[in-house]
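*Asks:* Can you keep this structure in mind? I'll have questions shortly.
What follows draws every value from the coordinates through simple rules; no lab data is involved. Keep in mind that what you see is a predicted model, and the values were worked out from it rather than measured. Every residue, glycine among them, receives a Cβ derived from its backbone with ideal geometry; neighbour counts consider all protein chains shown.
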Amino acid sequence: MPRNMPQAVVDTNVLVRALLKANGSDGIIFEAFENDQFEFLYSGETLKELKRVLLYKRIFERYKLDNHRIDTFIRTIITFGRFVFAPEKVKICRDPNDDEILSIALAIYTKKPIYIVSGDKDLLELKGKIKGVKIVTAGEFVRILK
């Protein structure tokens, strides 16, 4: 990985939108990941949450998903992303899934900032409050990648 390549934890809400509607900022972010424009950081817990959300009946049926499409999407993340084990879990947010995302970022932070890309208002409220972690919206991250 080049030294100047951004590293990012992409929240489930962004990933779901990237799969369901490839156009827009969310889809651009996933395409940028596939084109090696940033290092995608994930944990086993984030993949479980992603699969769980994509299998919600209202999403699965409305967007005519199938297991193959979901598995291919997740396999892409596993194959080209970077698995991060976060031994120490932060407990800052109301949602444990948000805490998982923060824990991933903090587990690998050294001196280079780690991005969290999210549309979750609880995470976005933490902008500028966690050293070494830059919390941004999908649109903001697209501008950073350009």
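*Asks:* For the range 14-33, which residues satisfy the criterion of being in contact with a Phe, Trp or Tyr (Cβ under 7 Å, 6 or more places away or on another chain) and surrounded by fewer than 20 Cβ atoms within 10 Å (Cβ to Cβ)?
*Replies:* Once the filter is applied, which keeps residues that are in contact with a Phe, Trp or Tyr (Cβ under 7 Å, 6 or more places away or on another chain) and surrounded by fewer than 20 Cβ atoms within 10 Å (Cβ to Cβ), the range 14-33 yields Leu20, Ala32.
*Asks:* Could you check the range 8-30 and list, in sequence order, the residues that are touching a helix residue (DSSP H, G or I) at 6+ places or on another chain (Cβ under 6 Å) and of a type in the set (S, T, N, Q)?
*Replies:* Thr12, Ser25
*Asks:* Going by what's in this entry, would Thr110 be described as over 12 Å from the mean Cα position of the chain (by Cα), of a type in the set (S, T, N, Q) and either buried (at least 17 other Cβ atoms within 10 Å of the Cβ) or under 19 Å from Ile29 (Cβ atoms) (or both)?
*Replies:* Spelling it out, it is not the case that Thr110 is over 12 Å from the mean Cα position of the chain (by Cα), of a type in the set (S, T, N, Q) and either buried (at least 17 other Cβ atoms within 10 Å of the Cβ) or under 19 Å from Ile29 (Cβ atoms) (or both).
*Asks:* Now a separate question. Among the residues of the range 120-145, what is the count of those that are more than 18 Å from Ala18 (Cβ to Cβ) and either of a type in the set (D, E, K, R) or part of a loop (DSSP other than H, G, I, E, B) (or both)?
*Replies:* 11
*Asks:* Against the conditions (1) in contact (Cβ under 8 Å) with a residue 24 or more places away in the chain; (2) in contact with a helix residue (DSSP H, G or I) (Cβ under 7 Å, 6 or more places away or on another chain), where does Glu39 fall short? Just the number, please.
*Replies:* (2)
*Asks:* Got a sec? Which of Ser103, Ser43 is small (Gly, Ala, Ser), buried (at least 17 other Cβ atoms within 10 Å of the Cβ) and within 11 Å of the chain's Cα centre (by Cα)?
*Replies:* Going through Ser103, Ser43 in turn, just one is small (Gly, Ala, Ser), buried (at least 17 other Cβ atoms within 10 Å of the Cβ) and within 11 Å of the chain's Cα centre (by Cα): Ser43.
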